[in-house]
1. Out of (1) in a loop (DSSP other than H, G, I, E, B); (2) more than 10 Å from chain A (Cβ to nearest Cβ), the odd one out for B:MET57 is which?
2. Could you list all residues from region A:286-323 that are open to solvent by 30 Å² or more (accessible area, probe 1.4 Å) and either outside the structural domain of A:GLU342 (by TED's automatic domain parsing) or assigned to a loop (DSSP other than H, G, I, E, B) (or both)?
3. Which one of A:SER116, A:SER111 is open to solvent by 50 Å² or more (accessible area, probe 1.4 Å) and closer than 24 Å to A:PHE328 by Cβ?
4. Looking at A:ILE204, A:ILE249, A:ILE194, A:ILE283, can you tell me which residue is over 30 Å from B:PRO150 (Cα atoms), assigned by TED's automatic domain parsing to the domain that holds A:ALA333, open to solvent by less than 30 Å² (accessible area, probe 1.4 Å) and under 19 Å from the mean Cα position of the chain (by Cα)?
5. Would you check which residues across region A:6-28 are in a helix (DSSP H, G or I) and open to solvent by less than 50 Å² (accessible area, probe 1.4 Å) and list them?
6. Spot the failing condition for B:LEU84; the list is (1) under 13 Å from the mean Cα position of the chain (by Cα); (2) not in a helix (DSSP H, G or I), and only one is missed.
7. I need the full set of residues from region A:396-433 which are open to solvent by 40 Å² or more (accessible area, probe 1.4 Å) and within 14 Å of chain B (Cβ to nearest Cβ), in order please.
8. Tally up the residues in region B:1-43 that are in contact (Cβ under 8 Å) with a residue 24 or more places away in the chain, open to solvent by less than 50 Å² (accessible area, probe 1.4 Å) and either basic (Lys, Arg) or away from chain A (no Cβ under 14 Å) (or both), please.
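The values are calculated or read from the model by the stated rules, or taken from the named source; none is laboratory data. Worth saying up front: this structure is predicted, and the values here are computed from it rather than measured. Note that we place each Cβ from the backbone using ideal geometry, even for glycine, and neighbour counts take in every protein chain shown. The accessibility values were calculated without ligands, DNA or RNA, using every heavy atom of the protein model including side chains. Shrake-Rupley method; radii C 1.70, N 1.55, O 1.52, S 1.80 Å.
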Amino acid sequence: MLFNSLVFLAFLGIYFLFWRYVKHHERARNLYIIVMSSIFYGWWNWWFLLLLYASGLTDFFAAWLMEIYPRHRKKLLILSIIMNLGILGFFKYSGFAMSNLAPLLEPFGISVPVPSFLLPLGISFYTFQSMSYTIDVYYGNCKPTKSVVHFFASLILFPQLVAGPILRAKDILPQLLPVPSTTETQRFDGLRLIAHGYFKKVVIADNLAPIVGTSFVPWNMPADSSFWWVLTIMFAFQIYCDFSGYTDIARGLAKWMGYEFQLNFNHPYSAASIRDFWSRWHISLSTWFRDYVYVPLGGSRKGTLRAHGNMWITMLLSGLWHGADWKFLIWGALHSAYLSFERVTGWPALLLGSSEQPRFLRLARRAIVTSLVLVQVLIAWVFFRAESTSQALWILKTMFSFSSAPHASLEPYLPFLFIGIAYEFYMCVCPEIERMVPQRWSNWIQPAGVAAILAACVFLRGPGNAFIYFQF
Amino acid sequence: MKVERSVLTLLMFASLLVLGNVVRPHRATVNLDSFWSIKTQAPAVHSIVVAGDSRVMQGISPKAMEAAWPGQSVWNYGYNAACLNRFYVTSAAAKLDLKKKNPTLVLGVSPSSLTPHACMRSWHNVHSKITGFEAWWRVNLLPLSDFVKPYPLDEILRPWNYDIYLPQPDGWWAQYPRHERPLASHREYTENFKGNLPSPEIMAELFQAVRELTGRGIRVVTFRMPCHVALQRLEDEMSQWDEACVREKLREAGAVWLTFDPSKYRYYDGSHMAVEFAVRFSEDLARELQKLD
C-alpha cells in the first residue's frame, strides 16, 4: 500500500477509527497492529508476509533462547545472522552474484543459471531491524521480550515497515508496553510532519520524477553538460524529498499513535563535510552500520590505517545495501574516498576557519564548503541513479566537458526545483522564524501554514509514483 | 474555548480546498473520463443526434444548434475515428426520443469513417463496452474528483505552449488551438488510406442501417463534414472516393443529403474546426435542418 494512494487514506481512516478502542489493552493493541500492518504489507503481496514472519520468528526465538541458554548465545546469534542475511542474499544478491560468477566460470565449461526474483518490499529495512534485535540482546543492550506479539508489533508497525526509519528494538519495544496517549502538541506535530512529508513527496519529488526518469533512458541522453548538472540537482532533490517525505509521514503517523520514531534526515544538503552529510542523511541506516559494522570491526580504536579500512568496508556494505549492482558499490566507494580524503586533509575545517571571524565571512566560508560538499554528493548521485556504471561515467564525462547540445526542455520542471530549494531553505530557518512569532499568533499561523501545505499537496501534486526507497 | 490546532488546520484546509476550486483555472468543463461515458450513456431524450468522427465531435456544437433552432434537443455522438457501421449508427439513433416530432439522426460522412481501420480504432468501440457500475461511476462519481484535481501548472506557466480543449456536457469537444496549421493533417491522411480504402461492406452496412432507421420513422440526414479544400482533394484522391455514388445510395436508402461549402469555414489543422467556426457551422447546419421541417 502506498502512502500516496486513496486506498491508504481509507486504510488510515479505518485504522484510527478502531485504534482508540483497542489501544487501552496491551495484547489487543499489539495484535491490532500486527493484523492491520499485515494487511498494509500484504496488499502488495500476501506471500511475502511469510518471509517477514519467518525472519521475525527466527530473531524472536534466537533472542529468547539466548536468555534461557546463555552458553549458546554466540551460536544463536550466528544462526540468526545467517538466516537473515541468507534470506536477504537469496532474494537480493543471488542474481547479482551469479551474473558476475557466470563469465568467470564459462571458460571452464561451467554454466551457471542467473536467478531473478521479485524483491520483497522493504526486505532490507525489516531484515536490518529484526537483526539488530538479536545483536542488541547478545550484547546486553536490550532485554528480550517474552511475548511474540509484542515483538512482532514492534517489527511490523506499518508506518516504518517498508522504508524505515530502521527502528532499534531497545527504542521501540518499551514504547509498545504502556497505553499510548497523545497530547495536543503531539497530534499537531504529527499532522505537520504528515503534511510536510506529503508535500515533499507529491509536490516536489513527483513533479521532478518525469524529467529525471526520461533523461536516464540510455538512448535519450543529450551531450550537454549544463543539462546534466541541473538534472543531477533535480535528482538530488527528488530522492531526498521522496525518501525524507516518506519518513516524515511515518514519524507523523507514529506520533498520532502515541509513539516516537527517530529523526532520519536533518537537512543533509546543508552539510559542512561529507562526515556531516552522513550524520544527516538516512540517519537510522548510517547509525546502524556504525553500531553493527564499523564499531565491531574496531572503529577508529585500532590505528589510523585500520580506521580507514573499517570505514571503507562499512561504506561499501552501505552501498551494497541499496542494491545488488556495481554502481551502488562505486557510490559507496566514492563516499569512502571522500571521507578518507576529508580525514587525511581536514579540508572542511581548514576552509571554515576559526569561529571568531566576522559573521559575514563565516557565512561566506560556510557557503563555499557546503557547495563543495554538495558537488561531491552530486557526483556520487550520478552513479546511484544511472542505469549502469558505463552510463554514469558517460554522464560525468559530459558534466565536466562543458559541452552543449540540444536537449529536452527543463523549463517546466524548474519551478519545482526552485520550490524544493526554497522549501528546504525555509525549513532550515523555520525554527528561528517560529520563535520570533508571538504565541497568540502562532496558534493561528501554524495551522494556516500546515493547511496551506496540505492544499498545495492537492493542487500542485505531480503524477503519482511509488517511493524510490521501496526498491531497497 | 481553545480549539485544537489539528482541528483548526483541517478546517482551514477544507476552506482552502473550496477556495482553490473557486479560483481554479478551468481547463475543462467535464472530467475527461466522464465525458466519454456521459456521451455513450446519454438517455434517449433528444430530437437531433449528430454522429460521425472527430470532425463531427469537434465541429458541431449542440448548444449552438439549439440556439439557432429553438425547441430542439441536440446531442453530439461523435467519436474519434468513428466508423459508420451498423453498430455505431444504430447506437447513435438509440439516443433519439422517437416520440418527438421528426426525430433526426445527422450523419457526418467522410471517406475515413468507412474504412476498416476506422472500424478497428473507433473510440466508440472502447467506450461502448464500459457499462454497468463502471459507467455509473464515471458519470456520477468521477466528476467529484475534479474537486481535488491538480492545477495544470505547466499550462499556467507556459500558456503559449498548450492547446486548450473543453469537453462539453452535450458531447461536443470544443477545441481552442494555440496555432493554426491548415496543412498539419496532410501527412496523416496520405498514410491513412494506404491499404485502407473505404470498404464496400461497411458502406453496405451503413445503407442498410439507414434504410431500417428511416423505415422506423427516423429522419436520417447525411452530409460531408467540411474540411480544408486541399485536404478534401487529397482525401478524395487517396481514398478513391466516389461521393456521387455514396450520396445516391444514401438517398435510395431514404436519407437526405446536405451540401456545405468548405471554403466558408477555417480548420486549425486542415481537418477540424476550432470553436469559432464550429459554432458557425453548427448554426448553418441547424438552419438547413430547419428548412427540412
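1. So B:MET57 meets the others, but not (1).
2. A:VAL295, A:PRO296, A:LEU297, A:SER300, A:ARG301, A:LYS302, A:GLY303
3. From the options A:SER116, A:SER111, the qualifying one is A:SER116.
4. Values: A:ILE204 fails: over 30 Å from B:PRO150 (Cα atoms); A:ILE249 fails: over 30 Å from B:PRO150 (Cα atoms); A:ILE194 fails: over 30 Å from B:PRO150 (Cα atoms).
Answer to the check: A:ILE283.
5. Start the filter on region A:6-28 by keeping residues that are in a helix (DSSP H, G or I), which leaves A:6-22, A:26-28.
Passing the criteria: A:PHE8, A:PHE11, A:LEU12, A:GLY13, A:TYR15, A:PHE16, A:TRP19, A:VAL22, A:ALA28.
6. (1)
7. A:ALA408, A:SER409, A:GLU411, A:TYR413, A:LEU414, A:PHE418, A:ILE419
8. The total comes to 12.
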